[in-house]
Amino acid sequence: MKSILLSLMTGLAFVLATSAAQAGGGSKPNSTIILRNDTGSRIAVIVDPSTAITNLIGSGDVTLTSSQLNRFRAAGGRIVNDGATTAFAVKTGTHVVSIAEVNTNTGALSTVNQFNVTTQKGKTVQLTATGDGSGGVTLEQKSP
């Protein structure tokens, strides 16, 4: 009886250890970036864009095809309507937020602006995007 109980406990410990390893352990995001769009138009925003996405959008003033806009979205990019808010779950540290006004009918992007944002563990950083008057976007940080 004692060996059966010990075998069951060992098996359970193995199953739990395997489950934790498959779940990714402690790699879950622990900070949030919340962005509110007050530009008066739609914006395209992405946090920590990959090299491929950076090359895709360049410095802006480009027209993206619907396929390219879909690649942008698949990489974590979001199209945010005026007055809307979106949240990005991120790890603690410094992040690059790339943002531009976008015409989703034509795919035209204004100048892409990049901003560095630093997050702290368990904290939320609130950003507000506003138009800069020349077709670009500026960000204002509202909290830590």
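Every number here is computed from the coordinates shown, using simple stated rules; none is lab data. Everything quoted here is computed from the prediction, not taken from an experiment. Counting neighbours? That spans all protein chains shown, and the Cβs are built from the backbone with ideal geometry, glycine included.
Here the spin labels are modelled as points 7 Å beyond Cα on the Cα-Cβ line, and at Val62 and Phe115 they lie 2.2 nm apart. Residues of segment 86-106 falling in the label zone of Ile34, defined by backbone nitrogen less than 18 Å from a point 7 Å along Cα to beta-carbon, are 86-92. Were the residues from Ala87 through Lys142 laid out at 0.36 nm apart, the gain over their Cα-Cα distance would be 18.4 nm.
With the charge dipole of segment 27-141 set up from +1 on Lys and Arg Cβ and -1 on Asp and Glu Cβ about the Cα centre, the Cα lying farthest toward the positive end among the listed residues Ile43, Asn70, Thr106 is that of Asn70. Fewest-first ordering of Val96, Val90 by other beta carbons within 10 Å of each residue's beta carbon gives Val96, Val90.
Charge dipole of segment 27-141 (Cα centre as origin; +1 on each Lys and Arg Cβ, -1 on each Asp and Glu Cβ, all else neutral): 580 debye, rounded to the nearest 20.
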